[in-house]
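Chemist: Before anything else, here's the structure in question.
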Amino acid sequence: MTDLRLAPRTGREVRVRAPGKVNLSLRVGPRRPDGYHPLSTVFQAVSVYEDVVASAADELRVTVSGPQSELVPTDGSNLALRAARALADRTGVSDGVHLHLHKGVPVAGGMAGGSADAAAALLACDAFWGTGLGREELHELAADLGSDVPFLLMGQTAVGAGRGDLLTAALSRGEYHWAFGVRDEGLATPRVFEEFDALGGGHPGPEPDADVTLLQALRAGDAPAVGALLHNDLQDAAVELAPGLVETLAVAEDAGALGVVVSGSGPTVAALARSRQHALVIAAAMTAAGVADSVLTASGPVPGARVVAGSDVL
């Protein structure tokens, strides 16, 4: 296995690709005094990607291209910049870096595009600056940046606990095919959690064994069983904020999806298909019904953030 710290470079560039994710199950406990909600989730990384290129600069700066790039902040709130700053602070690096992000994951769509940027930026800057942190140290930095960032370093399929950052790899057999209904107007994760609290705030605490049957289905490669077990405690809150999601969910179900769920905090709708061709059929149905502003198809599970050759991205 290639050491991801040994980056291929072209003209002093390091290129990293990180996937988006779908929560096959997301169970949320009530808000704690520290403001966080305890989570129990099953992640799957899917083949919708963020590409990040690190190159020389006098300061830390970021530029963005790709779909919905105009919606991505380029100031200090940008997660990729925050990742670079966190790595510099940890390692004592004073050099600048220019991070160019090419978007492929929907913005504010519940598929963790910003978190993928952060994961990719950590790897890219570690390789570009030659700081040589191990995976465990990168995971620690990732966990401080956001609940989904550690998983997008890891990829494949995993069970998340705590804030989602305490990860255990999960066995998964076979390939899963997805159609995603995307909306131009995203939902801010904090707003969805506020609505979740307003609707009652969930169970006393997520049960650690609640998804045993789902994990057994993944281990068996039983896509119909996985589809039947898709679950998201935040779905009602997302639908409350974006009522049109009801139609999107219904159209995907009518197109024969094995299961349909709002992805993460929404508003992207994830529909599990029987095959790659069936995913295209579901996507076409959502387009024809006008219940999504755009559609994507993808498969999973896929690896987490990784350094790639220059010809592989952008």
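The values are calculated or read from the model by the stated rules, or taken from the named source; none is laboratory data. Computed from a prediction, not measured in an experiment: that's the story for all the values here. Positions of Cβ are generated from backbone atoms using ideal geometry, with glycine treated the same way; all protein chains shown enter the neighbour counts. Side chains included, ligands, DNA and RNA excluded: accessible areas come from the protein's heavy atoms. Shrake-Rupley method; radii C 1.70, N 1.55, O 1.52, S 1.80 Å.
Chemist: From the Cα gyration tensor of the range 206-257, with a ≥ b ≥ c the square roots of its eigenvalues, which class applies: rounded if a/c is under 1.5, or else prolate if a/b is larger than b/c, or else oblate? Spell out each step's value before the answer.
Modeler: Numbers: a/c = 5.32, a/b = 1.45, b/c = 3.68.
Note, shape of the range 206-257 comes out oblate.
Chemist: Could you check how many percent of all C-alpha pairs in the chain are farther apart than 29 Å?
Modeler: Details: 16267 of 49141 pairs.
Percentage above 29 Å: 33.
Chemist: With all protein chains present, calculate the accessible area of His278 using a 1.4 Å probe and round the result to the nearest 10 Å².
Modeler: Only protein atoms counted, so the area is about 10 Å².
Chemist: Along the Cα-to-Cβ line of Ala169, 7 Å from the Cα, sits a label point; which residues in the range 287-306 have backbone N less than 12 Å from it?
Modeler: 303-304
Chemist: As I understand it, the value is the acute angle between the Cα axis of helix 245-254 and the longest principal axis of the Cα atoms of the chain; what does it come to in degrees, rounded to 10?
Modeler: It is inclined by approximately 70 degrees.
Chemist: Follow-up. If I take every Cα pair under 8 Å that is 6 or more residues apart in the chain, average their sequence separation and divide by the length, what percent do I get for the relative contact order?
Modeler: Details: 773 pairs, mean separation 83.2, N = 314.
The normalised contact order for the chain reaches 26 percent.
Chemist: Helix 79-91 against the longest principal axis of the chain: what's the angle in degrees, Cα atoms only, rounded to the nearest 10?
Modeler: Compared with the principal axis, the helix lies near 50 degrees.
Chemist: Measure nothing fancy, just the Cα-based angle from helix 135-145's long axis to the longest principal axis of the chain, in degrees from 0 to 90, nearest 10.
Modeler: 70
Chemist: Still on this model: Report relative contact order for the range 43-118 in percent, whole number only (criteria: Cα-Cα under 8 Å, sequence separation at least 6).
Modeler: On the way: 124 pairs, mean separation 35.5, N = 76.
Once divided by the residue count of the range 43-118, the mean separation gives 47 percent.
Chemist: Further question on the same structure: Please give the charge dipole size of the chain, origin at the Cα centre, charges +1 on K and R Cβ atoms and -1 on D and E Cβ atoms. Round to the nearest 20 debye.
Modeler: Working: 23 positive and 37 negative charges, 159 e Å.
Once rounded to the nearest 20, the dipole reads 760 debye.
Chemist: With the cut-off at 18 Å, report for the range 214-301 the share of all Cα pairs above it, as a whole percent. Don't skip to the end; give the middle numbers.
Modeler: Details: 1567 of 3828 pairs.
Percentage above 18 Å: 41.
Chemist: Continuing with this model, one more query. Charges at C-beta only: +1 for Lys and Arg, -1 for Asp and Glu. How large is the resulting dipole of the range 165-251 about its Cα centre, in Debye rounded to 20? Can you show the working numbers first?
Modeler: Details: 4 positive and 15 negative charges, 76 e Å.
So the dipole magnitude of the range 165-251 works out to roughly 360 debye.
Chemist: Please quote Rg/Rh for the range 108-150 to two decimal places, taking the Kirkwood radius as Rh and restricting both calculations to Cα atoms.
Modeler: Numbers: Rg = 10.6 Å, Rh = 10.6 Å.
Ratio of gyration radius to Kirkwood radius for the range 108-150: 1.00.
Chemist: Next up: So what are the radius of gyration and Dmax for the Cα set of the range 70-202, in Å?
Modeler: Gyration radius and largest Cα-Cα distance of the range 70-202: 16.1, 48 Å.
Chemist: Could you work out the relative contact order of the range 157-243, using alpha carbon pairs under 8 angstrom and six or more residues apart, expressed as a whole percent?
Modeler: Details: 56 pairs, mean separation 29.7, N = 87.
Once normalised by length, the contact order is 34 percent.
Chemist: Okay, next question. Determine, for each peptide in 65-72, 112-119, the mean count of other beta carbons within 10 angstrom over its residues, then list the peptides with the highest first. Intermediate values should be presented prior to the final figure.
Modeler: Numbers: 65-72: 14.8, 112-119: 31.8.
The peptides rank, most packed first, as 112-119, 65-72.
Chemist: While we're here: Highest first, please rank the peptides 252-265, 294-307, 27-40 by the mean number of other Cβ atoms sitting within 10 Å of their residues. Don't skip to the end; give the middle numbers.
Modeler: Values: 252-265: 23.1, 294-307: 21.1, 27-40: 15.9.
Going by the mean number of other Cβ atoms within 10 Å, highest first, we get 252-265, 294-307, 27-40.
Chemist: Still on this model: Carbon and sulfur together cover what percent of the accessible area of the range 45-117 at a 1.4 Å probe radius? Write down the numbers at each step before the final one.
Modeler: Numbers: 1310 of 2790 Å².
Carbon and sulfur atoms account for 47 percent of the accessible area of the range 45-117.
Chemist: Among 13-23, 211-221, how do they line up by average Cβ neighbours within 10 Å per residue, starting with the highest? Don't skip to the end; give the middle numbers.
Modeler: Details: 13-23: 27.5, 211-221: 17.1.
Result, highest mean first: 13-23, 211-221.
Chemist: If you don't mind, there's one more thing I want to ask. Beyond 29 Å, how much of the Cα-Cα pair distribution for the range 146-305 remains, as a whole percent? Mind showing how you got there, number by number?
Modeler: Numbers: 2075 of 12720 pairs.
In whole percent, the share of Cα-Cα pairs in the range 146-305 beyond 29 Å is 16.
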